[in-house]
Amino acid sequence: MPKQQTTLHKSPGVCVRLSYYSPGERMLPHEHDVHQVSWLLAGEVFEDVRHRDCEILTAARGSKPADCLHANIYGRQGALLLSVNLDLEQTAKLLPTDQLDWSWSPADPAPAAALLGLIGEGGDVAEAAIIDLLALEQGEGVRETACPPAWLSRVREQLRDAPEAPDLESLAAEGGVHRVHLSRAFTRHFGLSPSLYRARSRMAFAVSRMAQGDRLAEAAAEAGFADQSHLNRWLKKETGLPPRRLQQLLAA
């Protein structure tokens with residue numbers, strides 16, 4: 001079970017939850033008895049399904065049919081996920097047949113974040129927002145894990161683990177490559193640019209601190225943001241929730 005989980009909406013055959021999984025948390029192979037559509041809002045997820053390994057580092061949409069055996073490991077800063085669970089009847093009603101298999105796809109977080117805010121209003125507004133959420137278009141599938149060169153893995157580790165990471169020019173020089181080559185290689189292997197990965201890693205670290213009870217200003221400083229307002233903008237953009245509301249949900 002996740003460290004924190006809040007049910008945002010529940011109606012016959014439909015359950016919407018916001019879940020935070022703590023850093024490094026593991027879930028052994030398991031199945032759901034419902035179809036699940038999820039959005040990774042912050043952090044990272046490593047998923048093993050059907051002998052395929054998939055590492056999700058960017059904002060993404062995932063789909064898992066009922067009885068799909070899978071295992072998960074959550075990132076070094078944990079993971080914040082929005083999930084919609086659908087029973088068989090609602091799955092047939094709300095999802096097209098080409099979205100019933102297991103998949104993970106990069107997804108612009110802005111549309112899902114905006115709809116998450118509406119789901120919190122409840123009633124007919126929430127039910128309409130859930131349908132719109134499920135209707136959001138998917139991007140190209142997340143690539144299966146490839147083995148990046150050692151220098152590129154070191155770049156990723158520094159961007160992920162150190163809020164005050166060296167600038168990208170310095171990281172490129174350390175790897176003996178041009179700054180443009182660094183960006184292209186990073187995007188090709190990990191699915192997003194290094195600057196965006198660093199920003200999302202900082203946000204995920206701030207969310208992990210908030211989940212442990214830190215005040216917003218403290219979480220912003222520890223994560224390497226210039227100030228609390230900078231963190232607030234990122235959280236609202238990526239999750240659709242005002243920071244204090246997100247903090248309340250994590251504490252529920």
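The values are calculated or read from the model by the stated rules, or taken from the named source; none is laboratory data. Source: prediction; values computed, not measured. Positions of Cβ are backbone-derived with ideal geometry, glycine not excepted, and every protein chain shown enters the neighbour counts.
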### Message
With outside the structural domain of Phe46 (by TED's automatic domain parsing), at pLDDT 90 or above, part of a helix (DSSP H, G or I) and within 30 Å of Lys10 (Cα to Cα) as the only criterion, which of Ser229, Ser208, Ser201 stands out?
### Response
Ser208
#### Entry: the stretch 96-117 residues that are not assigned by TED's automatic domain parsing to the domain that holds Lys236, paired with ones that are polar (S, T, N, Q) (beta carbon under 6 Å, 6 or more apart)
Gln99/Ser63; Ser103/Ser63; Ser105/Gln138; Pro106/Thr58; Ala113/Thr239
### Summary
Filtering the stretch 211-226 for residues that are surrounded by 22 or more Cβ atoms within 10 Å (Cβ to Cβ) and in a loop (DSSP other than H, G, I, E, B) leaves a count of 1
### Query
Out of the stretch 178-198, which residues are in a loop (DSSP other than H, G, I, E, B), in contact (Cβ under 8 Å) with a residue 24 or more places away in the chain and either surrounded by fewer than 18 Cβ atoms within 10 Å (Cβ to Cβ) or in the same structural domain as Arg76 (by TED's automatic domain parsing) (or both)?
Leu192
### Query
What residue, among those in the stretch 135-156 that are assigned to a loop (DSSP other than H, G, I, E, B) and more than 30 Å from Lys93 (Cβ to Cβ), is modelled with the highest pLDDT?
Pro149
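Residues checked against (1) within 25 Å of Arg202 (Cα to Cα); (2) at pLDDT 95 or above:
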position	(1), (2)
Thr6	yes, no
Ser22	yes, no
Gln36	no, yes
Arg61	yes, no
Asp87	no, yes
Gln90	no, no
Thr97	no, no
Ser103	no, no
### Task
Go through the residues of the stretch 107-123 one by one and say whether even a single one is hydrophobic (A, V, I, L, M, F, W, C), within 15 Å of the chain's Cα centre (by Cα), within 25 Å of Thr6 (Cβ to Cβ) and not in a helix (DSSP H, G or I).
yes
### Task
Residue by residue through the stretch 63-75, note down the ones that are in contact (Cβ under 8 Å) with a residue 40 or more places away in the chain and buried (at least 16 other Cβ atoms within 10 Å of the Cβ).
Ser63, His70, Asn72, Ile73, Tyr74, Gly75
